[in-house]
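Read the structure below first, then the notes.
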Amino acid sequence: MEKWSLMTITVLLALTVRWAVSLGSYSGAGKPPMYGDYEAQRHWQEITYNLPIRQWYFNTSDNDLLYWGLDYPPLTAYHSFVCAYIAKLINPDWVALHSSRGYESQPHKLFMRTTVFVADLLVYIPAVILYCSSLKETSARKKASTRALCILLYPGLILIDHGHFQYPLSLGFALWGVLCLSHDWDLLGSVAFCLALNYKQMELYHSLPFFCYLLGKCFKKGLKGKGLVLLTKLAGTVVLSFAACWLPFGTDVDQIMQVLRRLFPIDRGLADKVANIWCSLSVLIKIKNVASPQTQLKLSFAVTFLNLLPACIKLTVQPSLRGFKFALVSCALSFFLFSFQVHEKSILLVAVPVCLIINEIPFMATWFLLVSTFSMLPLLLRDGLLLPYAVTMPAFLATCLASFSILDKTSAEDLQLKAFSLSLKGYVSWFKSFPRIVRTLFLFSLSLMGVLSLLSAAVPPPQSLPDLFPVSVSIVSCLHFLLFLVYFNIVILWDSKNSKSQKKIS
C-alpha cells in the first residue's frame, strides 16, 4: 500500500511538471508561414478528418504535401483522425479544411495540450509505473517509486512532448513491448512494438534488439521444437499486426508505395546541426557537397550497420533481458550517430531505453540523460523553452543525486566495467584511479554544458559565425555520445551476467 501511495505522489508530481511546461510556448507559435510542429499535428487532424483515406498521403489541391504533409505511418494518421473527431465536436473551426491553417487560440491550445496529457496518462506513464513496479528484487521494489520519479522527470521528453509539442505514443508502445518481454509475454510484446513502429518509423532504431532477442530466444528453445513454435507464432503476430494497421491502404499498391515514399524520403540528404557524426564532420568537410543523396544513404547505412553488429550478434547468441535493454541503448545510439536524416528529437529514442537501466548504472545513465537534453538546446531555444530547460535540468540532476547518490557509484563495478577492467589488469596503470577520473570528467562536462547553455541563451554570435553556438552544442554532444557508445558496447561485450541470465530463458 505504501509503495502505491508513493507511486501516486510520483505521478502527480510528474503531471504537475508537465502541466507547468505546457503553459509556455510551443513549436512555431506565431511564426508563419509554416508555424511549427504544433501546426503540423493540427494540420494532420484537419487532413485526416476532411479527406478520404486515399488522399491522406497524396499531393492534391486539398492536401499540399509541402505544407506539413503526412510523413508518419498509418497509426499516426488514425490518431490524428480521432483527435480531429473530438475537436470537431468542440469547435469545427479547429479542423476546417484550408481556413484552419495556422489556427491559434487559447481554447485550442488547451485542447491540443490535453490530448498530449491523455496520451501520457493512457500509454507512457502506465508503462513506466508498471515497469518500475515489476522489479523482482525486494530492495528494488522499495525503490520503484524513486526510479519511476527519475524516469518521469527526465527533462528531454517533457520539454519535447509538452513544450515543443509531440505525442509520446511510439515511445510508450515501445516501453509496453519491453515490459511484456520482461514477463515472457512475447506475443503481446511483439504487438506493442508493431504498434510503436506503425506510429513512427523512427522506432526502427529499436527494431534489431527486439528481433535479435526474440530470435535468440527461439534458438535457445530449439528450432526443432518449442523454438520453432514460438518463431511461427511471432511471425504470424507481426504479419497480422502490420496487416491490421495497413488494411485501409492494402488494397492499392500505389497507396502503399506512396506512404513508403513519404516515410523514407532520401532527397533531403544528411541532417544539419544535429549532434551526430555527420554534422560534426561537416565542420571539416561538407559531405553533402561531395556525395549524392544515394551515396550518402549507402555510406550512412554501412557505418550504422557495422556499429550495430557487435551488440546484435551478442544478443542473438546470448539472449537476456539485461542484454536486450543495453542493446536497445547501443543500437539506438548507433542509429542516431551514423544513420541518414536524423532529427534532434531522435535522441529521445536512445534516452528512453537509458531510463530503463538507470538503477543499474545510475551515474552513467544520469550523465547521458543530461547530455541528451543539452543536445537539443538549439531546438528548445527556438521554441522559447529556455526557462523550462533551466529549471528541469538542475531539478532532474538533484533528483538523481538524492535518489541514487550517483557520485558514489563510479567504481568499475558500479559502472559494470569489472570484467573489462580485469582484462586490462597489468596493462593500464591508471585504472585504479578510474573513479576519480570519471567524476572529474563528469563535473567538467556539467560545467561545459552550463557555459554553452549560458552563451547560447545570452550572447549574440559573431556575424561571421551565426551558427557558432548551435554547432558547438552539436559537436560537444556528439563527442559525448561517441564515448557513451564505446562505453555501452564494452558493457555489452564484456558482460558475464548475460551468460548467466540466458540460462533462465532456455
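Can you name every one of the helices (runs of 4 or more DSSP H) wholly within the stretch 336-428 that holds 2 or more residues which are buried (at least 22 other Cβ atoms within 10 Å of the Cβ)? Passing ranges, in order: 348-356, 362-374, 377-382, 386-404. Considering each of F374, F368 in turn, give the residue that is touching a residue at least 40 places away in the same chain (Cβ under 8 Å), closer than 16 Å to L446 by Cα, touching a Phe, Trp or Tyr at 6+ places or on another chain (Cβ under 7 Å) and of a type in the set (F, W, Y). So the residue among F374, F368 that is touching a residue at least 40 places away in the same chain (Cβ under 8 Å), closer than 16 Å to L446 by Cα, touching a Phe, Trp or Tyr at 6+ places or on another chain (Cβ under 7 Å) and of a type in the set (F, W, Y) is F368. Selection of first residues in the stretch 161-174 that are closer than 19 Å to N198 by Cα and of second residues that are open to solvent by 10 Å² or more (accessible area, probe 1.4 Å) and outside any helix (DSSP H, G or I), restricted to Cβ pairs under 6 Å at least 6 apart or on distinct chains, gives the following pairs, ordered by first then second residue: S170/K200. Select from the stretch 366-383 the residues that are farther than 21 Å from V471 by Cβ and not β-branched (V, I, T) and list them in ascending order. Answer for the stretch 366-383, where residues must be farther than 21 Å from V471 by Cβ and not β-branched (V, I, T): W367, F368, L369. For the stretch 318-335, a residue qualifies if it is open to solvent by 20 Å² or more (accessible area, probe 1.4 Å) and in a helix (DSSP H, G or I), and the qualifying residues are L321, R322, K325, F335. Taking the stretch 244-317 and the helices (runs of 4 or more DSSP H) fully enclosed by it, the elements with 2 or more residues that are open to solvent by less than 50 Å² (accessible area, probe 1.4 Å) are at 253-263, 277-281, 293-317. Taking the criterion of being among the charged types (D, E, K, R) and open to solvent by less than 10 Å² (accessible area, probe 1.4 Å), the residues of the stretch 1-55 that qualify are R18, E39, R42, E46. Of all residues in the stretch 174-230, those satisfying the criterion of being charged (D, E, K, R), farther than 23 Å from P310 by Cα, part of a helix (DSSP H, G or I) and open to solvent by 70 Å² or more (accessible area, probe 1.4 Å) are K224, K226.
Scanning the stretch 231-242 for residues that are open to solvent by 50 Å² or more (accessible area, probe 1.4 Å) and small (G, A, S) yields a single hit, A235. Would you check if T115 is at pLDDT 95 or above, within 25 Å of the chain's Cα centre (by Cα) and closer than 30 Å to L204 by Cα? Answer is yes for this residue.
The one condition from (1) assigned to a helix (DSSP H, G or I); (2) β-branched (V, I, T); (3) not assigned by the TED database to the domain that holds F210 that T237 does not meet is (3).
The values are calculated or read from the model by the stated rules, or taken from the named source; none is laboratory data. Since the model is a prediction, treat every value here as computed from it, not as a measurement. Cβ sites come from the backbone with ideal geometry, for glycine too, and all protein chains shown count toward neighbours. Side chains included, ligands, DNA and RNA excluded: accessible areas come from the protein's heavy atoms. Shrake-Rupley method; radii C 1.70, N 1.55, O 1.52, S 1.80 Å.
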